[in-house]
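Below is one structure, written out as structure tokens, with a few remarks after it.
Just so it is clear, none of the values below were taken in a lab; they were calculated from the coordinates. None of these values were measured; they are calculated from a predicted model. Ideal geometry is used to build each Cβ from the backbone, glycine not excepted, and the neighbour counts take in all protein chains shown.
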Amino acid sequence: MTKCFYNATLVLPDRLLPQGWLLVEDQKIARFGTGEPPAAEERIDCAGKYLSPGFIDVHCHGGGGGSFGSLELTQHVRAMKMHLSHGTTSMTPTAGTLNPDEIRTLREIKEAIDRRTDLPHHLGYFMEGPAEVVQPHPDMTVGKPVVPVIRPEQYREALAAAKGIVSRWMAAPELEGGMEFGRALREAHITGCMGHSNATFAQVEVAMANGYSCAVHLYSVMSTVTREKGFRRGGLVEAGLLLDDLDVEIICDGCHLPPELIRLAVKCKGYDKLMLVSDCGPLGGFPEGEYQADFGPQKVTVVIEDGVCKPLSRTCFLGSVATGDRLVRTVYKQVGIPLWAAVRMATKTPARHCGFSGIKGEITIGADADLILFDEDIRVSDIWLMGNKVLP
């Protein structure tokens, strides 16, 4: 079946194309342009709104009351539906385990999700840890379980179980065994990511030679400039900004980072190496108020206010409640980045990072027709997956 979207402003990877049309054939983008739209079996008047590739979130823990850290399919479905309603059409759901049995259960969940046509595309899990450095928080009586030393016997079976369903894995590369783990990830064709880390700039350079190619949520839970016997040295923040071969995530909910730090990251990295991520937790999509939330092995009372999740002490953030539309809105409206560039960092760049260049995340001939329609305030009104309308 052919579908023609017309009377739209197309959001291309390098510009906006007003008064545009786009033709979908067999679930793929067949042609696009301006002027008189071609004939099609179905014609969709976009009423002058922006027609964009769907957003791709490579770092998301849940939403809508569902957690990707859960081993229950219903929780994964709940979270994915919530993010789909805000324009995210592909994602790498975030968990964190070295337990082979748990990973095998996640495989079953992914297979069930892949059989559905009403959920965002599952591009493979992102394992955030547990080989990481996490500072204990006074509001949490039990810290997040971590692996301070990572040995082959800990991850050998886990990596075998993860084949084909885990696409990204984060570790603190400076930990004992961290470099060997990076090489093991590379051999398993899993993207090695650095985060929750105290690595020095020099250690990051070594880590890049050992399989790591991404810095997770830049500025957040990572090392920056320190002094050793008077001599200053850079950390993972500076490496993420300076090293051209590193992909970088940034949480753009308008709370975790001020506009000047986002602008600095864009100036240093450009649009092709920077990915907008939500880092959204299970309470994403909930209204302001007080809730009980799962953080690792315990329930913690949290409050959603000012657009972010906080402990009752209000001394820090305990995760994000952001969605894909909010990320683009923040970068476009608050930071002042061109709309097409903000969308590119939420679509084409993460698609390339995940190995889907030319397939997802951009309006180009032959790409999957995962499309969204939104207005000037990035309010998403209509969503198509593989050319089939799923919302409203």
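Note on the chain: helix-only mean residue ellipticity at 222 nm, from DSSP H runs of 4+ residues weighted -39500 (n - 2.57) and normalised by residue number, equals -7000 deg cm²/dmol. Backbone geometry of segment 229-242 corresponds, through the Karplus equation with coefficients 6.51, -1.76 and 1.60 at θ = phi - 60°, to 3J(HN,Hα) couplings of 6, x, 8, 7, 9, x, x, 5, 4, 5, 5, x, 6, 8 Hz, x marking Gly and Pro. Taking segment 316-381, which trypsin sites (Lys or Arg not before Pro) meet the DSSP loop condition and have no more than 15 other C-beta atoms within 10 Å? Qualifying residues, ordered by number: R379. Of the beta bridges in segment 229-372, as assigned by DSSP with both residues counted there, near 70 percent are antiparallel.
Averaging the sequence gap over all C-alpha pairs within less than 8 Å and six or more residues apart, then dividing by the number of residues, gives the chain a relative contact order of 19 percent.
Counted by Cβ distance under 13 Å from R186, the other residues give a net charge of 0, where Lys and Arg count +1 and Asp and Glu count -1. Simple point charges give the picture: +1 on the Cβ of Lys and Arg, -1 on the Cβ of Asp and Glu, and for segment 246-392 a dipole about the Cα centre of about 380 debye. For segment 321-331, backbone phi angles converted through the Karplus equation (6.51, -1.76, 1.60; θ = phi - 60°) give residue-by-residue couplings of 10, 7, 10, x, 4, 5, 4, 5, 4, 4, 5 Hz, Gly and Pro being listed as x. Which shape class, rounded, prolate or oblate, goes with segment 178-288 when its Cα gyration tensor gives a ≥ b ≥ c as root eigenvalues, a/c under 1.5 marks rounded, and past that a/b bigger than b/c marks prolate? Oblate shape, in that a/c is at least 1.5 and b/c is the bigger or equal ratio.
Report the charge-dipole magnitude of segment 319-392 in Debye, nearest 20, computed about the Cα centre from +1 at each Lys and Arg Cβ and -1 at each Asp and Glu Cβ.
That gives segment 319-392 a dipole magnitude of about 220 debye.
What the Cβ-Cβ distance of E180 and L71 gives, at R0 = 30 Å and to the nearest 0.05, is a FRET efficiency of 0.60. Gain on full extension, evaluated as 0.36 nm per residue between N388 and R151 minus their Cα-Cα distance, stands at 80.7 nm. Counting only DSSP beta bridges with both residues in the chain, the antiparallel share comes to about 55 percent.
Using alpha carbons only, the radius of gyration of segment 13-89 set against its Kirkwood radius gives Rg/Rh = 1.12. Sorted largest first, the spans of the alpha carbon positions of segment 153-205 along the three principal axes are 31, 21, 17 Å. Annotation: extensible slack from K229 through E260 equals 8.1 nm (criterion: 0.36 nm per residue apart, minus Cα-Cα distance). Taking a point 7 Å out from the Cα of N99 in the direction of its Cβ, the residues of segment 154-170 whose backbone N falls within less than 16 Å of it are 154-155, 157-159, 161-162.
Computed 3J(HN,Hα) for segment 48-57, one whole-Hz value per residue from the Karplus formula 6.51 cos²θ - 1.76 cosθ + 1.60 where θ = phi - 60°, is x, 6, 7, 9, 10, x, x, 6, 10, 10, glycine and proline marked x.
Among the GluC sites (Glu not before Pro) in segment 300-392, those located in a DSSP loop and surrounded by at most 14 other Cβ atoms within 10 Å of their own Cβ are E376.
Of the residues S320, V300, V335, the one whose Cα sits farthest toward the positive end of the charge dipole of the chain, with +1 on the Cβ of Lys and Arg and -1 on the Cβ of Asp and Glu, is V335.
Near the amide H of V390, within less than 5 Å, lie the amide hydrogens of I383, W384, L385, all on another chain or at least 5 residues away, with H placed in the peptide plane.
For the chain, a crude dipole built from +1 on the beta carbon of Lys and Arg and -1 on the beta carbon of Asp and Glu, taken about the Cα centre, is about 420 debye to the nearest 20. Per-residue extension of 0.36 nm, minus the Cα-Cα distance of V206 and E36, leaves a gain of 55.7 nm for this segment.
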